[in-house]
Amino acid sequence: MVSRVIPVEDFDLVIFGGTGDLARRKILPGLFRRFCSGQMPPAARIIGAARSDLTDDAYRRDIKLALEEFVAKDSRPAAAVKGFLEQLHYVRIDATGTEGWSALRKLTRKDEATVQAFYFSVAPSLFGPLAERLHTHKIAGANARIVVEKPFGRDLESARILNATLRDHFDESQIYRIDHYLGKETVQNLMAVRFGNMLFEPLWNAQYVDHVQITVAETVGVGGRGAYYDKSGAMRDMVQNHLMQLLCLIAMEPPAHFDPDSVRDEKLKVIRALDPPKRDDIVRGQYESPKKGEDYLDEVENRSSITESFIAMKLMISNWRWAGVPFYLRTGKRLKARASEISIVFKETPHSIFDEDSGRHRNILSIRLQPNEGITLGVTIKEPGPGGMRLVDVPLDMTFADALGPETDDVPDAYERLIMDVIRGNQTLFMRGDEVEAAWAWTDPIIKEWTRRGERPKPYDIETTGPEDAAVLMHREGRRWLDIKA
Ligand code: BG6
């Protein structure tokens, strides 16, 4: 397989929060990899903008350190690092004042041929002031795009206010709301598998699917993000956005075209068709550990916290395609392995012609997001050899690294891909404002009810699969979670 790198148009990318953690850990290492692949035009400018008083050279030195920390040594030849750093600039800026804006105006190009992208890698409270200043200082031209990160609001009302603030200054077609899960290679493959093959789509409905499982399991705890996380919990941090987006891609109708609005219209319909979950269809958990410092309550430094670090839930979608098919979602921190997987569990055959002791068999299509990206389809075959007709399930394994060779090591990570899509002007993998609001409209009553009840989440030991009640959620309906395996 030969990968094709298509250089993007010339661009100026301004990163507000250019010295921050996300810029150093993800955005700039990602851009560096695109530079190395030849995708970044030589005249493109990356402009870090932040409060610190730095010269261009000091900024370049800092980003060099970031590359050393976040890019593997053999992927950063010295000449490439030098070339990349030469494309970096820095402006000291006051997001809510006047300092730095005229310097930024001078540094950014406004000609038709240059794409302008403004990455708001800052607290949402600064989105408004930044958007406004980009216009009052006549920096943003007709070709401008803004990129915003989650948390995109913490409820419906705050999301609406944020959307309105951004739309006061930019058209929806210029706003790129990042959900980095949509940039993952396998997530896009999910669409290719569903809509590029005849094989799956006819079976993709309530007649053939027994249930769907979506698991995003992490081994990390909340670490240094305790203050943020304790105010969010797994519902706001993961379910409302990442898991919801995965669910949409599984459940949506085939869009008429693979273009931003066709895809996003279909996703929106799924969110709007979600039933409010019943109280006992949700299990909230919080990790605990006998070791001091490893416990959730220690990590967030709040011994009375009732925030969940784990959630398992059963969702139902009220439409013709999915009526009666449960979607089980599960995500949590400090679980036994890091594994994100979507599994479509098909129904058993309507009648078995084999002996009863040949067991129960069903096909499972598993789409693995990380690690070891790939897709496996479990099929039932005869166990080889003598001894009569014994059935066994074997995986048809489409691990991408095996099937497509070493070039899969080189696939862009989510941020790289998404930033390049911003430059190309392709919004397909970004959330539209109405999608975000619909997701909050569904999430809000659930969180409000928890707050009203004030219940403690169920404790679970670290390095397990979460609280026992999550298993019960499945067992009571004669189902079980697939194992969480790294
Ligand atoms: C982020 C959440 O959006 O996604 C984090 O805020 C979480 O809490 C992270 O750890 C998971 O992303 P990934 O790509 O490592 O699965």
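Against the chain, whose longest principal axis comes from its Cα atoms, helix 414-424 is set at around 50 degrees. Computed over segment 437-486, the quotient of the alpha carbon radius of gyration and 2.2 N^0.38 Å is 1.49. Entry note: segment 203-318 has Rg to Rh equal to 1.06, where both radii use alpha-carbon atoms and Rh is the Kirkwood radius. Its relative contact order, with pairs defined as Cα atoms under 8 Å and 6+ residues apart, puts segment 120-233 at 22 percent.
For residue 45, the accessible surface of its heavy atoms amounts to roughly 60 Å² (probe 1.4 Å, protein chains only, rounded to the nearest 10).
Normalised by the number of residues in segment 208-293, the mean separation of alpha-carbon contacts (under 8 Å, six or more apart) gives a relative contact order of 20 percent. Heavy-atom surface analysis with a 1.4 Å probe gives the chain a carbon and sulfur content of 53 percent of its accessible area.
With all protein chains kept in place, the per residue accessible area of segment 190-347 amounts to 39 square angstrom at a probe of 1.4 angstrom. The alpha-carbon of residue 347 sits under 18 angstrom from the alpha-carbons of these aspartates and glutamates, leaving out residues fewer than 8 places away in its chain: 201, 210, 356, 393, 477.
Binning all Cα-Cα separations of the chain at 20 Å, short to long from zero, yields these whole-percent fractions: 21, 53, 23, 2, 0. In segment 297-375, inverting the average of 1/r over every pair of distinct C-alpha atoms gives 16.5 Å as the Kirkwood radius.
Among the listed pairs 82/106; 138/184; 184/292; 184/314, those whose Cα-Cα separation exceeds 31 Å are 138/184; 184/292.
So how tilted is helix 127-136 from the main axis of the chain? Cα-based, degrees 0 to 90, rounded to 10. Once rounded, one gets 40 degrees.
The charge dipole of the chain, taken about the Cα centre with unit charges on the Cβ atoms of Lys, Arg (+1) and Asp, Glu (-1), comes to about 640 debye, rounded to the nearest 20. Considering only 75, 151, 285, and ranking their Cα positions along the charge dipole of the chain that arises from unit charges at the beta-carbon of Lys, Arg, Asp and Glu, the one farthest toward the positive end is 151. Shape descriptor for segment 84-192: Rg over Rh equals 1.00 (Cα atoms; Rh from the Kirkwood inverse mean 1/r). Beta-bridge orientation, the chain: approximately 55 percent antiparallel, per DSSP, counting only bridges with both partners inside. The alpha-carbon of residue 267 sits under 13 angstrom from the alpha-carbons of these aspartates and glutamates, leaving out residues fewer than 8 places away in its chain: 253, 259, 434, 435, 437.
Of the peptides 334-347, 231-244, 352-365, 157-170, the ranking by mean beta-carbon count within 10 Å, highest at the top, reads 231-244, 334-347, 157-170, 352-365. Ordering 208, 140, 35 by the projection of their Cα atoms onto the charge dipole of the chain, which places +1 on the Cβ of Lys and Arg and -1 on the Cβ of Asp and Glu, puts 140 at the extreme positive end.
Over all directions, the projected convex hull of the C-alpha atoms in segment 109-263 averages 12.4 nm² in area. Approximating the spin labels as points 7 Å out from Cα along Cα→Cβ, the residue 52-to-residue 205 distance works out to 5.7 nm.
The values are calculated or read from the model by the stated rules, or taken from the named source; none is laboratory data. The shown structure was predicted, so the numbers you read here are calculated from the model rather than taken from an experiment. Quick reminder, even Gly has a Cβ in these numbers, built from the backbone with ideal geometry, and neighbours come from all protein chains shown. Side chains included, ligands, DNA and RNA excluded: accessible areas come from the protein's heavy atoms. Shrake-Rupley method; radii C 1.70, N 1.55, O 1.52, S 1.80 Å.
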